[in-house]
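Report on the following structure.
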Amino acid sequence: MLKKELPKAYNPADYEDAIYAQWEKSGFFNPDNLKGDPYSIMMPPPNVTGVLHLGHALENSLMDIMARYQRMNGKKVLLLPGTDHAAVATQAKVEKVLVEQGMKNPRQELGREKLLEKIREYAEDSKSTILKQIRKMGTSCDWSRLAYTFDEARGRAVNEVFIKMYNDGLIYRGNRVVNWSVKGQSTCSDDELVHVERPAKLYTFKYAKDFPIAVATTRPETKLGDTAVAVNSKDKRYKKYIGQVFKVEVGAAKPLEIKIIADENVEMEFGTGAVGVTPAHSMVDFEMFEKQKAKGDNIGLVQVIGQNGKMTEAAGKEYAGLTVLEAREKFIDWLNKEKLLEKEEDITQNVGTSDRFGDAVEVLPMTQWFIDVNKKIPNKDKSLKDLMREAVTIGHNGDDKQKVKITPDRFAKVYLNWIDNLRDWCISRQIWWGHRIPVWYKKEEIYVGEKEPGDGWKQDEDTLDTWFSSGLWTFSTLGWPASAKATADKPVKTSDLKTFHPTSWMQMGYEILFFWMARMILMSTYALDQIPFKDVYIHGMLRNEMGKKFSKSSGNNLNPLEVAAKFGTDALRLSLISGIAPGNDSKFYEEKVEGARNMVNKLWNISRFIIGNNQLPITNFQLNAKKITLADKWILSKISWLIYETSINCLENYQFSQAGEELRIFTWNDLADWYLEISKFEDNKEKEEILIYILSELLKLWHPFIPFVTETIWQEMGNKGLLMVEKWPDRKGSDFNFKVSVEFDLIKDIIIAIRNARSGNKVEPAKKIKAVIYAGKQKDLIDSQVHLIKGLRTGISELKIKVSGEKISGAIYAAVGDIEIYLLGAVDAEKEKARLEKEISNLEKIIKAAESRLANKEFIDKAPAEIIKKEKEKLKGWQAELKSLKSK
């Protein structure tokens, strides 16, 4: 028997750890113990650089909501956990700590192996903390498949892809310009740059007095390495100079030979309409250099800045050894002295800085390893760019079933635009923490392979960009390459890879769209001939209540685990998804968590009332239709609609916040404020069954969002199995009864109107009054519900229902549609007049909003017919009510 008393208050700390231990012990986190169609989510692996932050907490909440929802829908769910070695980020963090402890140069003082030992120790400690925190968030992941981007299995996958790409001619070692962090002494990709707005100066000058064209620059010191000036071929001012070479003396090691070249991308209207070309220190200028070279015109490349951030010998004797700022000042002095500086303007400039080391990067020509994104892949007649593009447009290999769906879809355009402008990917890094490049050298010989081919070979010192290994995440975690058998043209998947790839769903923040999503699509379509995932959900960034980013430096950082300890994990999870929309930033603050905790407590109190007052265990829910009341039919209809709305309209479309709000409204308003109150005096056997049924279904619906409290209540109800693997409620929505909904809403509106009329006239709550209702065509309905109207805190002692009648003077008047209500024995004439005026004003606003909504084509096209019908009925009622009020 169910009758049991729950503790008065829900204290999360008393239950959470024990509940999570139960889940783990059950084995249901492991899909091998489940049946059904596979559904897989690969957890975006958090960096082992510290602890989980709010963004991680949000992502864990989103993933776990989807995992639990799909598991309850009978899917064989794999939520695979893991962590990322985060090459540059982790090494930079450890080096910073060592410097703070007194070291000047950790790399020099410790050497490779000892520094790696320090980093490994830090990473393992951080990893252990992070995994504990993921558990604390209630994330239902399969710990038996835990992965790490720097473990042995992932190392094999990295080497396999590198070797395959090298053999296919897609990976090459070349001398190109790259982004160089002087502070970190390593390359970084375009996507790893953080652009910071800074004040700068724009200088307009000529190279010599007789030079025909002026150019403008913010980096005068690089002009010592200029080899050309680019103009638009349509520019009449400069057309006659195209092809000419001017030799100028600017103090460099030797005179500059500046060739005037044509480039259609030069904007004639911008500045002087001419651009100084410095191939050694600009990505754009290097592309011009290559373009000219392809035409048989080598304009040359002069490197005037070195890897130490100082000017080289090529810059000239007077400049060599100076910092870039010292050289800039010196060159400007020379221009002034020679009267070549035409203009100096203050501007704001976007400066590319290293995301990990913080310094302004230099563009330098260097020999590095690259992935060629434009070269045709052998036997495919497609480039990597082509594979990346078709995966989100026509589907991989033109197969619509192999198409990545991005939510919200506006990010597909952003992604495609990025691909159109994608340069070859520099994958080598001059750091020690990371996957060592599987290339070996012996004098002039090069060998590409996982192991040293023999004696006397030396491995490349560089490591791979961390996004190379992260790009393999969806399939390296499923055992690839061991789980794939090679065939003549493509791998055949076995085991986990066959079952769970392509993965079902991936979520990520928009800030790593290009870092990660693009690279996963590149790697998976290339190595597996398959997309990495079917759906991608892009979420925004969490900001504080003032709209500012959370950061340690600004002092507004919140530790999610501390918030969970204070308010409970369920409250944290619910508050994190509250107010979010796909792709948009959202605000997070402690008051939000308090509101979520109140919701958790409300559900506990509702459950405490139901469990403590009913003795029927729910076995086979069948009701006698003749014995159930209008209120019973209404609540059953409402939960049927709630199941449909939460499932089909919300979770299936990744509208997490909307789902939570629908559940909150039903729980707090429909169930607690109305049906529970009604059950206290409409006491019958059917209601006991209905309450247990409603609570059971509601716990299932809430479970993905607030798993701890729902699992606790479920077990307190005497259920033997775990809620986490209960069958999700039937989501057809066919039990929604429009007629019942309209009828009960009318009774509710009458009760609310009476309460408001009493409140507006300041009638004391304890005072009993009489009422007369002119019900028109609704007389029979209202007659049948007199017990509710009198019983639900209206203070009505005597109630008469008539079809119609004369206006009753001296009474408080209220209206619901064309139904008139008179409250007798408590009127204040002045207050009643003011109340009626206020009510008319409010109704006019409501009617205007409703008319606007029904005139909205998008609403009419998307909303279900029943909803549109209900909206029209409500509008008709409000219009009748307004007419009645104005006649008073």
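What's the number of the condition Val266 fails, among (1) under 30 Å from Pro106 (Cα atoms); (2) in a loop (DSSP other than H, G, I, E, B); (3) of a type in the set (A, V, I, L, M, F, W, C)?
Only one criterion in (1) under 30 Å from Pro106 (Cα atoms); (2) in a loop (DSSP other than H, G, I, E, B); (3) of a type in the set (A, V, I, L, M, F, W, C) is unmet by Val266, namely (1).
Only one of Leu325, Leu340 is under 24 Å from Ser186 (Cβ atoms) and surrounded by fewer than 21 Cβ atoms within 10 Å (Cβ to Cβ). Can you tell me which?
On inspection, the qualifying residue turns out to be Leu325.
Look through the stretch 410-429, keep the residues that are part of a helix (DSSP H, G or I) and open to solvent by 50 Å² or more (accessible area, probe 1.4 Å), and return whichever of them is farthest from Trp457 (Cα to Cα).
My answer is Arg410.
Looking at Lys831, Lys876, Lys848, which is the one that is over 20 Å from Gly776 (Cβ atoms), open to solvent by 50 Å² or more (accessible area, probe 1.4 Å) and under 43 Å from the mean Cα position of the chain (by Cα)?
Lys848 is the lone residue from the list that is over 20 Å from Gly776 (Cβ atoms), open to solvent by 50 Å² or more (accessible area, probe 1.4 Å) and under 43 Å from the mean Cα position of the chain (by Cα).
Any chance the stretch 344-352 includes a residue that's buried (at least 21 other Cβ atoms within 10 Å of the Cβ) and not charged (D, E, K, R)?
No, the stretch 344-352 has no match at all.
Suppose we keep only residues that are hydroxyl-bearing (Ser, Thr, Tyr) and assigned to a strand (DSSP E or B) within the stretch 438-469. Which one would you say is farthest from the chain's Cα centre (by Cα)? Give the derivation first.
Let us first name the residues in the stretch 438-469 that are hydroxyl-bearing (Ser, Thr, Tyr), namely 441, 447, 463, 466, 469.
Right, trim to assigned to a strand (DSSP E or B) and you get 441, 447, 463.
Working: Tyr441: 43, Tyr447: 42, Thr463: 29 Å.
Within the stretch 438-469, the match that is farthest from the chain's Cα centre (by Cα) is Tyr441.
If we keep just the residues of the stretch 359-385 that are in contact with a Lys or Arg (Cβ under 7 Å, 6 or more places away or on another chain) and assigned to a loop (DSSP other than H, G, I, E, B), which is surrounded by the fewest Cβ atoms within 10 Å (Cβ to Cβ)?
Asn374
Which one is surrounded by the most Cβ atoms within 10 Å (Cβ to Cβ) among residues in the stretch 271-293 that are in contact with a Phe, Trp or Tyr (Cβ under 9 Å, 6 or more places away or on another chain) and more than 19 Å from Val361 (Cα to Cα)?
Checked the stretch 271-293; the qualifying residue surrounded by the most Cβ atoms within 10 Å (Cβ to Cβ) is Gly276.
For Ala815, all conditions in the list (1) of a type in the set (A, V, I, L, M); (2) over 25 Å from Trp634 (Cβ atoms); (3) in contact (Cβ under 8 Å) with a residue 60 or more places away in the chain hold save one; what is the number of the exception?
Of (1) of a type in the set (A, V, I, L, M); (2) over 25 Å from Trp634 (Cβ atoms); (3) in contact (Cβ under 8 Å) with a residue 60 or more places away in the chain, only one is false for Ala815: (2).
Yes or no: the stretch 610-619 includes at least one residue that is surrounded by 20 or more Cβ atoms within 10 Å (Cβ to Cβ) and among the polar types (S, T, N, Q).
Step one: of the stretch 610-619, the residues surrounded by 20 or more Cβ atoms within 10 Å (Cβ to Cβ) are 610-611, 614.
Subset that is among the polar types (S, T, N, Q): 614.
Yes, there is a match, as at least one residue in the stretch 610-619 is surrounded by 20 or more Cβ atoms within 10 Å (Cβ to Cβ) and among the polar types (S, T, N, Q).
Output yes when any residue across the stretch 10-30 is part of a loop (DSSP other than H, G, I, E, B), more than 30 Å from the chain's Cα centre (by Cα) and surrounded by fewer than 13 Cβ atoms within 10 Å (Cβ to Cβ), and no when none is.
yes
Taking the stretch 502-534 as the search range and keeping residues that are part of a strand (DSSP E or B) and closer than 24 Å to Asn421 by Cα, which one is modelled with the highest pLDDT?
It comes out as Phe533.
When both residues are 6+ apart or on different chains and their Cβ atoms are under 6 Å apart, which pairs have a first residue that lies in the stretch 333-347 and is closer than 10 Å to Phe205 by Cβ, and a second that is among the β-branched types (Val, Ile, Thr) and surrounded by 13 or more Cβ atoms within 10 Å (Cβ to Cβ)?
Between residues of the stretch 333-347 that are closer than 10 Å to Phe205 by Cβ and residues that are among the β-branched types (Val, Ile, Thr) and surrounded by 13 or more Cβ atoms within 10 Å (Cβ to Cβ), the close pairs are Glu342/Thr204; Lys343/Thr204.
Looking only at strands (runs of 3 or more DSSP E) that fall completely inside the stretch 117-210, which ones have 2 or more residues that are out of contact with any His (no Cβ under 8 Å at 6 or more places or on another chain) and open to solvent by 10 Å² or more (accessible area, probe 1.4 Å)? Before you say what the answer is, go through the steps one by one.
Numbers: elements: 171-181, 186-188, 193-205.
In the stretch 117-210, the matching strands (runs of 3 or more DSSP E) lie at 171-181, 193-205.
Can you name the residue in the stretch 651-674 that is touching a residue at least 40 places away in the same chain (Cβ under 8 Å), aromatic (Phe, Trp, Tyr) and in a helix (DSSP H, G or I) and, of all such residues, is nearest to Asp64 (Cα to Cα)?
Only one residue tops the list, namely Phe656.
Considering only residues of the stretch 654-694 that are modelled with pLDDT of 95 or more, open to solvent by 40 Å² or more (accessible area, probe 1.4 Å) and of a type outside the set (D, E, K, R), which is farthest from Trp634 (Cα to Cα)?
Out of the qualifying residues, it is Gln655.
Looking at the stretch 74-87, which of its residues are open to solvent by less than 20 Å² (accessible area, probe 1.4 Å) and either in a helix (DSSP H, G or I) or of a type outside the set (S, T, N, Q) (or both)? Break it down into steps so the answer makes sense when it comes.
Restricting attention to the stretch 74-87, the residues satisfying the condition of being open to solvent by less than 20 Å² (accessible area, probe 1.4 Å) are 77-87.
Listed by number, the residues that qualify are Val77, Leu78, Leu79, Leu80, Pro81, Gly82, Asp84, His85, Ala86, Ala87.
Kindly list the number of the only condition in (1) small (Gly, Ala, Ser); (2) closer than 27 Å to Thr367 by Cβ; (3) surrounded by fewer than 22 Cβ atoms within 10 Å (Cβ to Cβ) that fails for Ala262.
(2)
How about the stretch 301-310: which of its residues are open to solvent by 10 Å² or more (accessible area, probe 1.4 Å) and touching an Asp or Glu at 6+ places or on another chain (Cβ under 7 Å)?
Passing the criteria: only Gly309.
For the stretch 713-753: of the residues being hydrophobic (A, V, I, L, M, F, W, C) and part of a loop (DSSP other than H, G, I, E, B), which is surrounded by the fewest Cβ atoms within 10 Å (Cβ to Cβ)?
Residue satisfying both the conditions and the ranking: Leu722.
If I ask for residues that are at negative phi, outside any helix (DSSP H, G or I) and crowded, with 20+ Cβ neighbours inside 10 Å, which ones from the stretch 558-599 would you list? Write out each step before concluding.
Taking the stretch 558-599 as the starting set, the residues that turn out to be at negative phi are 558-567, 569-578, 580-582, 584-599.
So of that shortlist, the ones also outside any helix (DSSP H, G or I) come out as 558-559, 578, 580-582, 584-589.
Residues satisfying the conditions are Ser578, Ile580, Pro582, Phe588.
Pull up the stretch 386-409, narrow it to residues that are free of Cβ contacts under 8 Å to residues at least 60 places away in the same chain and open to solvent by 70 Å² or more (accessible area, probe 1.4 Å), then point me to the one that is nearest to the chain's Cα centre (by Cα).
Selected residue: Asp409.
Which numbered condition trips up Lys534, out of (1) open to solvent by 20 Å² or more (accessible area, probe 1.4 Å); (2) over 30 Å from Asp424 (Cα atoms)?
(2)
Hey, can you tell me all the residues within the stretch 31-61 that are in a strand (DSSP E or B) and open to solvent by 10 Å² or more (accessible area, probe 1.4 Å)?
Pro38, Tyr39, Asn47
Lys343 fails exactly one of the following numbered conditions: (1) part of a strand (DSSP E or B); (2) within 13 Å of Asp226 (Cα to Cα). What is the number of that condition?
Here Lys343 meets the rest and fails (2).
Among the candidates Gln101, Gln70, single out the residue that is out of contact with any helix residue (DSSP H, G or I) (no Cβ under 6 Å at 6 or more places or on another chain) and either open to solvent by 40 Å² or more (accessible area, probe 1.4 Å) or farther than 25 Å from Gly479 by Cβ (or both).
Working: Gln70 fails: either open to solvent by 40 Å² or more (accessible area, probe 1.4 Å) or farther than 25 Å from Gly479 by Cβ (or both).
It is Gln101.
Please determine whether any residue of the stretch 634-650 is more than 29 Å from Gly721 (Cβ to Cβ) and either outside any helix (DSSP H, G or I) or open to solvent by less than 10 Å² (accessible area, probe 1.4 Å) (or both).
Looking for residues that are more than 29 Å from Gly721 (Cβ to Cβ) and either outside any helix (DSSP H, G or I) or open to solvent by less than 10 Å² (accessible area, probe 1.4 Å) (or both), one finds at least one in the stretch 634-650, hence yes.
Return the pairs, sorted by first residue and then second, in which the second residue is assigned to a loop (DSSP other than H, G, I, E, B), the first residue lies in the stretch 430-453 and is open to solvent by 80 Å² or more (accessible area, probe 1.4 Å), the beta carbons are less than 6 Å apart, and the residues are 6+ apart or on different chains.
Taking only residues 6 or more apart or on different chains, the pairs are Tyr447/Pro453; Glu450/Pro438.
The values are calculated or read from the model by the stated rules, or taken from the named source; none is laboratory data. Everything numeric here is computed off the predicted structure, so don't read it as measured data. In this analysis, Cβ positions are derived from the backbone assuming ideal geometry, glycine residues included, and neighbour counts consider all displayed protein chains. When the accessible area is computed, the model is the full protein with side chains, heavy atoms only, and any ligands, DNA or RNA have been set aside. Shrake-Rupley method; radii C 1.70, N 1.55, O 1.52, S 1.80 Å.
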